[in-house]
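Peer 1: Quick one: the structure is below, and I'll ask about it shortly.
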Amino acid sequence: MPNRKPTFFSFCKAICFMVFSNVALVTSKSTIEPCSNSDSCNALLGYTLYTDLKVAEVASLFQVDPISILTANAIDISYPDVENHILPSQLFLKIPIICSCVDGIRKSVSTHYKTRPQDTLSSISDSVYAGLVSPDQIREANSIADPSVLDVGENLVVPLPCTCFNGTDNELPAIYLSYVVKPVDTLAGIAASYSTTITDLMNVNAMGSTSIKAGDILAVPLSACASNFPNYASDHGLIVPNGSYAITASHCVQCSCGQGSSNLYCMPASLAVSCSSMQCKSSNLMLGNVTVQQSSAGCKVTSCAYGGYANGTIITWLSSSLRPRCPGPQQFPPLVAPPTDVTKDSVFAPAPAPQSDGATTKVPKTSTVPKISTAPSTGSISVLPPAAAPIGSFSDASILMNSVAALPTALMIYFLIKLISPF
């Protein structure tokens with residue numbers, strides 16, 4: 001039988017195969033937390049710098065307080081001109097944000113980006129915001145009809161992933177970090193780096209298996225110290241991860257959460273200049289002061305604690321209690337100098353790219369593994385978390401690669417089909 005030339009149909013087969021192959025390769029997932037009210041919570045973004053940037057420039061990218069970035073990463077804010085300190089490229093930082101409820105989904109929409117020459121939706125999402133948002137999400141959030149045309153100076157809303165889950169994890173205080181998975185990451189390595197478990201990560205992210213891939217965005221629970229400030233306080237709901245700090249009350253108060261602690265400890269900040277009184281009423285104790293008095297009945301402990309910030313006033317409250325033993329000195333998370341480089345052993349190593357320790361990964365028992373729903377596909381993977389786990393879903397968070405970049409793949413497949421096809 002004579003050979004027949006490849007038909008248009010065979011070429012279409014090659015193109016279709018290329019397209020669907022790319023979908024499998026580049027589709028990444030992120031956790032979606034449904035919500036039904038207008039409340040908000042504190043959350044964190046895991047962000048890797050795409051170039052050298054000043055602290056103030058990083059803060060400007062996310063429209064957050066530069067001092068809050070430093071304290072969230074336990075960087076000493078007393079260094080001279082610390083806001084203009086240059087942070088090195090590929091540095092990994094935790095960025096504190098407010099996580100809101102928008103259109104029934106948890107996300108942050110307070111970040112805006114002003115476009116520059118040569119910007120594309122892909123460069124903004126992949127480089128500037130380090131994969132925390134997809135080009136398609138930016139396009140939809142700004143109703144962009146033609147993503148190939150961006151006006152210089154255009155003010156774009158950048159929707160960023162975040163989760164609240166009531167500020168708890170297994171009924172303990174927690175704050176959630178949105179973490180972009182790196183090529184070298186394993187679920188076991190991420191769990192070890194953030195002092196959590198594989199099972200917990202799977203439950204929180206409604207995962208059906210331990211499989212992850214680069215570009216996925218995981219909600220990682222970080223143990224924390226939670227406040228109990230009144231609802232009328234502007235910093236109501238303040239929560240601080242273990243091993244870090246938070247700045248509040250117009251830079252007047254600094255709160256810390258020691259490693260492994262659940263008790264928030266607040267004291268006057270080193271930046272405090274013109275602040276309202278921090279002395280507890282009916283005492284000579286200042287905010288953060290603790291006195292102890294040993295007796296045969298036990299140890300009487302009196303403290304002056306922070307109770308929130310309302311109408312420009314720092315709320316303090318005096319408490320006394322009798323304890324079996326006197327408390328030791330307050331333990332503070334260690335402060336570090338503003339980083340100037342990124343090294344393997346640094347606490348600011350790239351994000352943090354943990355490796356498996358070589359041990360066999362243990363998959364949770366069948367009874368605790370989320371089951372994949374058999375409902376018709378709608379473009380996202382629908383899974384059901386175990387009982388008592390946060391309710392969320394894992395859905396698409398990226399779009400197809402540039403078709404030009406995929407052209408060599410299409411040609412290769414086309415010529416392969418040409419060789420083996422009987423057409």
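Peer 1: Starting from residues that are over 14 Å from the mean Cα position of the chain (by Cα) and not in a strand (DSSP E or B), keep the ones in the stretch 162-181 and report whichever is farthest from residue 48 (Cα to Cα).
Peer 2: Only one residue fits best here, namely 171.
Peer 1: Which condition number does residue 256 fail, the rest of (1) crowded, with 19+ Cβ neighbours inside 10 Å; (2) in a loop (DSSP other than H, G, I, E, B) being met?
Peer 2: With (1) crowded, with 19+ Cβ neighbours inside 10 Å; (2) in a loop (DSSP other than H, G, I, E, B) applied to residue 256, the lone miss is (2).
Peer 1: Do the conditions hold for residue 265, that is, is it over 14 Å from residue 316 (Cβ atoms) and either in contact with a strand residue (DSSP E or B) (Cβ under 9 Å, 6 or more places away or on another chain) or in contact (Cβ under 8 Å) with a residue 12 or more places away in the chain (or both)?
Peer 2: Judged against the criteria, residue 265 is not a match.
One line per residue, one yes/no per condition, for (1) modelled with pLDDT of 95 or more; (2) surrounded by fewer than 20 Cβ atoms within 10 Å (Cβ to Cβ):
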{"position": "85", "(1), (2)": "yes, yes"}
{"position": "96", "(1), (2)": "yes, no"}
{"position": "114", "(1), (2)": "yes, yes"}
{"position": "123", "(1), (2)": "yes, yes"}
{"position": "132", "(1), (2)": "yes, no"}
{"position": "148", "(1), (2)": "no, yes"}
{"position": "174", "(1), (2)": "yes, no"}
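Peer 1: Could you tell me whether residue 265 is in contact with a helix residue (DSSP H, G or I) (Cβ under 9 Å, 6 or more places away or on another chain) and modelled with pLDDT of 95 or more?
Peer 2: It is false that residue 265 is in contact with a helix residue (DSSP H, G or I) (Cβ under 9 Å, 6 or more places away or on another chain) and modelled with pLDDT of 95 or more.
Peer 1: Does the stretch 29-44 include one or more residues that are under 24 Å from residue 347 (Cα atoms) and either polar (S, T, N, Q) or part of a helix (DSSP H, G or I) (or both)?
Peer 2: yes
Results for (1) over 16 Å from the mean Cα position of the chain (by Cα); (2) of a type in the set (D, E, K, R); (3) not assigned by TED's automatic domain parsing to the domain that holds residue 34, shown as yes or no for each residue.
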site	(1), (2), (3)
194	no, no, no
205	no, no, no
235	yes, yes, yes
264	yes, no, yes
267	yes, no, yes
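Peer 1: Do we find that residue 275 is at pLDDT below 95, more than 28 Å from residue 100 (Cα to Cα) and more than 17 Å from the chain's Cα centre (by Cα) in this structure?
Peer 2: yes
Peer 1: Looking only at the stretch 182-193, which residues are in a loop (DSSP other than H, G, I, E, B) and of a type in the set (A, V, I, L, M)?
Peer 2: If the condition is that a residue be in a loop (DSSP other than H, G, I, E, B) and of a type in the set (A, V, I, L, M), then 184 is the only one that fits.
Peer 1: Another one. So if I check each of 219, 246, which one is assigned by TED's automatic domain parsing to the domain that holds residue 64, closer than 24 Å to residue 40 by Cβ and in contact (Cβ under 8 Å) with a residue 24 or more places away in the chain?
Peer 2: Result: 219 is the single residue among 219, 246 that is assigned by TED's automatic domain parsing to the domain that holds residue 64, closer than 24 Å to residue 40 by Cβ and in contact (Cβ under 8 Å) with a residue 24 or more places away in the chain.
Peer 1: Here is a follow-up. Sort out which residues of the stretch 146-161 are assigned to a loop (DSSP other than H, G, I, E, B) and closer than 20 Å to residue 101 by Cα, and write them in order of number.
Peer 2: 158, 159, listed by residue number.
Peer 1: Within the bounds of the stretch 238-245, is there any residue that is at pLDDT 95 or above, farther than 30 Å from residue 271 by Cα and not hydrophobic (A, V, I, L, M, F, W, C)?
Peer 2: No, because not a single residue in the stretch 238-245 is at pLDDT 95 or above, farther than 30 Å from residue 271 by Cα and not hydrophobic (A, V, I, L, M, F, W, C).
Peer 1: While we're on this one: Would you confirm, using the coordinates I've provided, whether residue 304 is modelled with pLDDT of 95 or more, under 30 Å from residue 162 (Cα atoms) and surrounded by 22 or more Cβ atoms within 10 Å (Cβ to Cβ)?
Peer 2: no
Peer 1: Hey, another quick one. Could you pull out the residue among 70, 91 that is surrounded by 20 or more Cβ atoms within 10 Å (Cβ to Cβ), in contact with a strand residue (DSSP E or B) (Cβ under 8 Å, 6 or more places away or on another chain) and either at pLDDT 95 or above or of a type in the set (D, E, K, R) (or both)?
Peer 2: Of the residues listed, the single one that is surrounded by 20 or more Cβ atoms within 10 Å (Cβ to Cβ), in contact with a strand residue (DSSP E or B) (Cβ under 8 Å, 6 or more places away or on another chain) and either at pLDDT 95 or above or of a type in the set (D, E, K, R) (or both) is 91.
Residues checked against (1) farther than 26 Å from residue 100 by Cα; (2) assigned by TED's automatic domain parsing to the domain that holds residue 53:
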| residue | (1), (2) |
| --- | --- |
| 132 | no, no |
| 138 | no, no |
| 141 | no, no |
| 144 | no, no |
| 170 | no, yes |
| 190 | no, yes |
| 198 | yes, yes |
| 202 | no, yes |
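Peer 1: Please enumerate the residues belonging to the stretch 142-180 that are within 30 Å of residue 201 (Cβ to Cβ), without any contact (Cβ under 8 Å) to a residue 40 or more places away in the chain and not polar (S, T, N, Q).
Peer 2: 171, the sole residue that qualifies.
Peer 1: Same structure, new question: Spot the failing condition for residue 202; the list is (1) farther than 17 Å from residue 68 by Cβ; (2) in contact with a strand residue (DSSP E or B) (Cβ under 9 Å, 6 or more places away or on another chain), and only one is missed.
Peer 2: Status for residue 202: all satisfied but (2).
The values are calculated or read from the model by the stated rules, or taken from the named source; none is laboratory data. Just so it is clear, the structure is predicted and the values come from calculations on it, not from any experiment. Note that we place each Cβ from the backbone using ideal geometry, even for glycine, and neighbour counts take in every protein chain shown.
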